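A.B. asks: Got a structure for you, questions after.
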Amino acid sequence: MEPRQLGAPLPEPARAYLAALERLLPLGHTARAGLLDEIADGLACAIETRTAGGGPVDEAAQAAVAEFGDPRQLAAGLLRQVAAMRARRIGAGLVITGPLVGAAWVTAYAAPGGIPASVSALVSAVPLLIVALGVAVPCALLAYAAGDRRFAALLGRAGAPAGLVATVACCCADLLLLTHATAVGQGGLVLVAACVSAVRLALTATLGLRLARVSGSAR
């Protein structure tokens, strides 16, 4: 990793600290680089403050590194923040796509009597769907709310676990729908609804795996 420069290259203690921190962040290149840039800026500012009076640069760097603390603890804190942010995005995504996917399936199971009758027909065809949605919806809302600073103190670290549970429950709901669609034969509107669920299933599973990886590393 090439350390970020702020006026002058960072001293060796700071570069070593950033290298250690980098190894502890199992993130994509862009996300990891953004976090490391922020920490590098903080270290550079701390070093410049300590050397403003002409003090030794290496000693200032060592003091700044000590102030930032154990890289493992810092990495865990950063990953918890990333996990909460990702869980919030997952929650928002599920809340937004839920009605769209539901509308596709209700339309596919259109029955005389309008929407209530169509919903009843869908639930009768896939009864376990109620259980999956009963878990996914509140957990998605909790994951979204926990990522809001206004509720962070109240909900604590509930965002990431809630996001993971919502992801699993949502994937189960889509799998139930797809399994039923395969059993009854895909055609017409059922095929369209199945395609919508398949896309959401793939995206949700991918995001859930990424969240699980970050959450596991943050412990």
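The values are calculated or read from the model by the stated rules, or taken from the named source; none is laboratory data. Since the model is a prediction, treat every value here as computed from it, not as a measurement. Glycine gets a Cβ as well: all are built from the backbone with ideal geometry, and neighbour counts include every protein chain shown. With ligands, DNA and RNA removed, areas are computed over all heavy atoms of the protein, side chains included. Shrake-Rupley method; radii C 1.70, N 1.55, O 1.52, S 1.80 Å.
A.B. asks: Whole number in Å², please: accessible area per residue of the range 96-191, 1.4 Å probe, ligands, DNA and RNA not counted.
C.D. replies: Values: 5230 Å² over 96 residues.
For the range 96-191, the solvent-accessible area averages 54 Å² per residue.
A.B. asks: Gap in Å between the Cα centre of the range 199-219 and the Cα centre of the range 48-64?
C.D. replies: If you average the Cα positions of each part, the centres end up 41 Å apart.
A.B. asks: Of the accessible area of the range 85-177, with the probe set at 1.4 angstrom, what percent is carbon plus sulfur?
C.D. replies: 76
A.B. asks: How large is the Rg to Rh ratio of the chain when both quantities use alpha carbon positions and Rh follows Kirkwood?
C.D. replies: Rounded to two decimals, Rg over Rh is 1.19.
A.B. asks: Can you give the calculated 222 nm mean residue ellipticity of the chain, where each DSSP H run of n ≥ 4 adds -39,500 (n - 2.57) and the sum is split over every residue, rounded to the nearest 500 deg cm²/dmol?
C.D. replies: About -27500 deg cm²/dmol.
A.B. asks: Report the one residue of Leu155, Ala121, Leu189 whose Cα lies farthest in the direction of the positive end of the charge dipole of the chain (charges on C-beta: Lys and Arg +1, Asp and Glu -1; origin at the Cα centre).
C.D. replies: Selected residue: Ala121.
A.B. asks: In the range 1-113, with Lys and Arg counted as +1 and Asp and Glu as -1 at Cβ, which of these residues, Gln81, Gly98, Ala16, has the Cα nearest the positive end of the dipole, that is, farthest along it?
C.D. replies: Checking the options against the dipole of the range 1-113, the answer is Gly98.
A.B. asks: Related question: Determine, from the Cβ-Cβ distance of Ile130 and Met85 and an R0 of 41 Å, the FRET efficiency 1/(1 + (r/R0)^6), rounded to the nearest 0.05.
C.D. replies: 0.85
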